[in-house]
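These notes are about the structure you will find just below.
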Amino acid sequence: MRFNLKVSRFDPSKEESPHLETYEYEAEGQLNVIQAIRRVFQTVDGTLSFRDTDCHRGVCGLCSMMIDGNRRLACMCIAEDGMTVAPPPNRKVIKDLLFELD
C-alpha cells in the first residue's frame, strides 16, 4: 500500500524558512510515525535528518514532533496517509526534524 507523508524540511545554514516536502512510501501494515519517517529515509530520500529513536513506550520524548498540528510522540502515533510532521515549535532546528535538546 502507498502512503504520502508531508515532512517539514529546513536547513538553517542554507534556507531562511522551512518548507513542506511530500514523500510517497510503501508499507505493508501499520507503521508508527517514526517508522514511516525511517522508511522515507531508507527508500526515498537519504538526506532527511531526524533523530532515529524508537522506544515504543512514550518515555524518552526524543521523538516529540508536531503531527498534523498537534504535539505528539512519533513512536506512539500510527502513521496515516497525508499526515504532516514537523519539529516542535519551541526547539531550535538543527536540520529538518532534528532539533536541539535541553
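Below are the figures for this structure:
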| quantity | calculated |
| --- | --- |
| Given (1) within 15 Å of residue 7 (Cβ to Cβ); (2) in contact with a Gly (Cβ under 9 Å, 6 or more places away or on another chain), number of the condition residue 88 does not satisfy | (2) |
| Residues of segment 1-31 satisfying the condition of being of a type in the set (Asp, Glu) and either closer than 16 Å to residue 83 by Cβ or in contact with a Gly (Cβ under 7 Å, 6 or more places away or on another chain) (or both) | 21, 24, 26 |
| Residue match in segment 59-74 (condition: in contact (Cβ under 8 Å) with a residue 40 or more places away in the chain and part of a loop (DSSP other than H, G, I, E, B)) | yes |
| Pick from segment 40-54, criterion outside any helix (DSSP H, G or I) and under 10 Å from the mean Cα position of the chain (by Cα), ranking: modelled with the lowest pLDDT | 52 |
| Qualifying residue in segment 1-19 (condition: modelled with pLDDT of 95 or more, in contact with a Lys or Arg (Cβ under 8 Å, 6 or more places away or on another chain), part of a strand (DSSP E or B) and not hydroxyl-bearing (Ser, Thr, Tyr)) | yes |
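The values are calculated or read from the model by the stated rules, or taken from the named source; none is laboratory data. Remember, predicted model here, so these are calculated numbers, not experimental data. Glycine also receives a Cβ, built like all others from the backbone with ideal geometry; neighbour counts cover every protein chain displayed.
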